[in-house]
Structures are given as structure tokens and as C-alpha cells.
Amino acid sequence: MNHPTSNLPASINEAEWQLQELARLGKPASDSTNDDLLAYRAIDRALRSPPDDALPTDFAASVARIAQGQGFVRNDGFEQNLIRILVAVLGISGGVAIAMFSGELLQGTFASLVQLGDATLGWSSAALACLGLSWLCSQLLQGGRSPACYNRLGSWL
């Protein structure tokens, strides 16, 4: 409340404001036994001082050690095995869906390509060739090493 006293709105109590300013500035009041002033000074000291219960610098590491010691952190690969199983189930179910519905899907796709004409087939082939050549060049430039995303996928399977 850093308002000059002449510009105070009517809803602000002038005496309270003066007490808060005296406490903030640390000046003594004419009545040194004023309980409100002592309370405002205590509030001012509390707001100016840092919190007493700051976290230690190694808090996260100590919590991790405690969690690992109590068995909350699993290192047995349960989650990785579960992910492998779920990816396998997803692949099998996708294969079953393709086997069940591929006849109708492929007939509709080929029919639409035939209706669009030879130009569509040519441009689609060119796009696929570009994608294939881009992948091949990236493999050759990396010396046969797979990018990070392929490494992650390979570690799951």
C-alpha cells in the first residue's frame, strides 16, 4: 500500500494504513505498546525473511534412494516386458484386421487409382521412390547405424 495519504480511497482506513507503513519502515510509533503495530512488524519480518524449511540440495537424490531401498523402483524390466507384449498384441491384431478387411480395402483403393488415371499412379510412384531413396541415403550416410527412434523401437521388441 504505497499510496500517498492524499490519494487514498475512502474504503482504506487511514490509521491502519499508517500502522502498516510504520511497521514496514521500522519506525517507532508514538504509542510503542500498540498491539496492532507489533503484529504488523511480525508480519513484515516474516515476509522479509526466507522460509525456514528450505529443501536440502540433494533432496531428489535422497528420495530416490529411499524409494529404491523400499522397493518402489523396479529394476527387473517388468514395464519393458509389458510393453513388448502389448506391441506384439497390437501387431497381431493389426495383421488380423488387415487379413480380414484387406480384400475390400484393396479393391476400393485400386478402383479409385484407376479412375484417377495414369498421372496419379506416376506421381504416387515418384513419391514412394523419393521416400525410399531418402531412407536409403540416410542409412548410407550413417554407416548402417540406425537413428535414435529406430534404436528405441528395437529395444522394445
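The values are calculated or read from the model by the stated rules, or taken from the named source; none is laboratory data. In this text the structure is predicted, and so the values were computed from the model without any measurement. We place every Cβ from the backbone using ideal geometry, glycine too, and count neighbours over all the protein chains shown. We work out accessible area using only protein heavy atoms, side chains counted, and drop any ligands, DNA or RNA first. Shrake-Rupley method; radii C 1.70, N 1.55, O 1.52, S 1.80 Å.
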Counting Lys and Arg as +1 and Asp and Glu as -1 over every other residue whose Cβ sits under 11 Å from the Cβ of Lys27, the net charge comes to +1
Note, the stretch 88-100: 3J(HN,Hα) by Karplus (6.51, -1.76, 1.60, θ = phi - 60°), whole Hz, Gly/Pro = x, goes 5, 4, 4, x, 5, 5, x, x, 5, 5, 5, 5, 6
Karplus-derived 3J(HN,Hα) from phi for the stretch 49-61 (6.51 cos²θ - 1.76 cosθ + 1.60, θ = phi - 60°), whole Hz, x at Gly and Pro, runs 8, x, x, 6, 9, 5, 6, x, 5, 9, 4, 5, 5
Taking every other residue with Cβ under 15 Å from the Cβ of Phe59 and scoring Lys and Arg +1, Asp and Glu -1, one gets -1
Expressed in square angstrom to the nearest 10, the accessible area of Phe101 with a 1.4 Å probe stands at 120 Å²
